[in-house]
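Enquirer: Below you will find the structure I want to go over with you.
The values are calculated or read from the model by the stated rules, or taken from the named source; none is laboratory data. Note that this is a predicted model, so its numbers are computed, not measured. Cβ coordinates were reconstructed from backbone atoms using ideal geometry, including for glycine residues, and neighbour counts include every protein chain displayed.
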Amino acid sequence: MEAFSAVIMISYLLEKSSSMRIKADLTLLTVSVIWGFAFLSQSIAAQFKSAYLFNGLGFLLAATLLFPFIKNKRGIPRAQWFWMAVAGFILFIASAFQQVGIFYTAIANAGFLTSLYTVITPFILFFLFREKPKWIDILAVLLAGFGAFFLSTAGNFHIQPGDLLEITGAIFWALHIVVLGKFALKFDAISFSAGQFFFSAIFNLVVAFFVDDFRVLFAPIFIGAVLFRSVFSITIGYTLQVWGQRHTPPTDAALILSLESVFAAFAGWIFLKEFLLPVQLIGCALIFVAVLLTQIHPLLNTKNIVQTS
C-alpha cells in the first residue's frame, strides 16, 4: 500500500511541474521498463508451470490495492459492471495465453510477439466497427508476419508452440485495447481498472482450482514473483500509465509503451542469459518497425483506442 501511495504522490508532484510533457514521456518510459522487466516474474512462475494461479493472485492483489482509491464504491452503474466483466474476461484469456506461452518460449519472444497487438488492433476495429485500416497497417502486418516467423523459427522453419500461444494472446490483447477504448472511457478509470482486475482474478482462480498445483504457494520465490508483478506491473504500471497519457498525445504514448518488448528482451539477456541468433534479431527488428509504423502515421486514429484516462 505504501508503494501505491507513493505513486499517487509522485503523480501529484509531477502534475505541478512546468515541464509536464517531458515528465509524462519519462513516466511512460518508466512504465515500459516495468512491464518489460515484469516478464522476469512471469518466467519465474513458468518454472513452476503456474499460469492461472499466478495470474489470479496477481490480479486479485492489484484489485485490492486499488479498492481504497475508488471514490464512489456504491454508485457504480450497471453498464460499467457489464463492461468490467467483459474486459476482465478478455484480460483473463490474453494473460493465460501469454503466461502459458512462456512455458515454452523465451521471454524475448514473448515480449516481441505480444507487441503484435499494436498491429492487430486496427484490423479488429475494422471487423467489429468498420473502421478501415490505412495502407500502412497492411505493410505493418506483412513486416510483423515475417518478423514473427524469423523470431519463432530461428532459421530452422519450425515455429515453437509457445510462440503460437503468444501470437494468439496478442489478438486478445488487441481486443482488450479496443474494449477499453470504446467503452471504458465512459467510466471512472480507477474503479474500472479495479473491477476488470477483480473479474479476471475470479476467472483465473476458478480455472486454477482444477489445473494448478497450489503447493507453489509454499515457494517464496513464487510468492515474490506474484508480488512483483501485482504491485509494480499491474498496480503501479497502470496507474502511471493513466497519469502519463493525460499529458502526452496518444500516438507518442503508444510509441513509448511499445518499447516494453525491447526491455523484455533486454531483461532476458541480462538476468536469464537468453541469447538471440542473428536471424531472430532481424525478426525482432521487423516486429518493432511494424509497431512503430502503426503508431507514427499521422492519419492513424489512435486517440480512441490507446488513451485510457
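Enquirer: Which one of PHE172, PHE198 is aromatic (Phe, Trp, Tyr), part of a helix (DSSP H, G or I) and more than 22 Å from PHE288 (Cα to Cα)?
Expert: Matching residue, one of PHE172, PHE198: PHE198.
For (1) modelled with pLDDT of 85 or more; (2) not aromatic (Phe, Trp, Tyr), each residue gets a yes or a no:
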{"site": "LEU91", "(1), (2)": "yes, yes"}
{"site": "TYR104", "(1), (2)": "yes, no"}
{"site": "THR118", "(1), (2)": "no, yes"}
{"site": "ASP137", "(1), (2)": "no, yes"}
{"site": "ALA140", "(1), (2)": "no, yes"}
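Enquirer: Restricting to region 20-73, and then to whatever is outside any helix (DSSP H, G or I) and polar (S, T, N, Q), can you tell me which residue is modelled with the highest pLDDT? Working first, answer last.
Expert: Initial filter on region 20-73 (outside any helix (DSSP H, G or I)): 48-51, 70-73.
Adding the requirement that they be polar (S, T, N, Q) leaves 50, 72.
Details: SER50: 91, ASN72: 76.
Among those residues, the one meeting the criterion is SER50.
Enquirer: Inside region 95-121, can you point out the residues that are within 27 Å of LYS132 (Cβ to Cβ), of a type in the set (A, V, I, L, M) and assigned to a helix (DSSP H, G or I)?
Expert: Across region 95-121, the qualifying residues are LEU113, VAL119, ILE120.
Enquirer: Check SER191 against each of (1) under 27 Å from ALA45 (Cβ atoms); (2) polar (S, T, N, Q); (3) in contact (Cβ under 8 Å) with a residue 60 or more places away in the chain and name the one condition it does not meet.
Expert: For SER191, the exception is condition (1).
Enquirer: Let me ask something else about it. Search region 160-206 for residues being among the hydroxyl-bearing types (Ser, Thr, Tyr) and surrounded by 22 or more Cβ atoms within 10 Å (Cβ to Cβ), and hand back the single one that is modelled with the lowest pLDDT.
Expert: Going through region 160-206, the residues among the hydroxyl-bearing types (Ser, Thr, Tyr) turn out to be 168, 191, 193, 200.
Those left that are additionally surrounded by 22 or more Cβ atoms within 10 Å (Cβ to Cβ): 193, 200.
Details: SER193: 87, SER200: 95.
That would be SER193.
Enquirer: Further question on the same structure: Would you please name the residue that is modelled with the lowest pLDDT, looking only at residues in region 276-300 that are assigned to a helix (DSSP H, G or I) and not aliphatic (A, V, I, L, M)?
Expert: Looking at the filtered set, the residue picked out is GLN295.
Yes/no per residue for (1) closer than 28 Å to VAL33 by Cα; (2) in contact with a Pro (Cβ under 6 Å, 6 or more places away or on another chain):
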{"residue": "PHE82", "(1), (2)": "no, no"}
{"residue": "PHE97", "(1), (2)": "yes, no"}
{"residue": "PRO122", "(1), (2)": "yes, yes"}
{"residue": "LEU128", "(1), (2)": "no, no"}
{"residue": "LYS134", "(1), (2)": "no, no"}
{"residue": "ALA144", "(1), (2)": "yes, no"}
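Enquirer: Okay, next question. Name the residue that is surrounded by the fewest Cβ atoms within 10 Å (Cβ to Cβ), counting only residues in region 112-159 that are more than 18 Å from the chain's Cα centre (by Cα) and of a type in the set (Ser, Thr, Tyr).
Expert: THR153
Enquirer: From the list LYS273, LYS303, exactly one residue is basic (Lys, Arg), modelled with pLDDT of 70 or more and surrounded by fewer than 18 Cβ atoms within 10 Å (Cβ to Cβ). Which is it?
Expert: After applying the criteria, what remains is LYS273.
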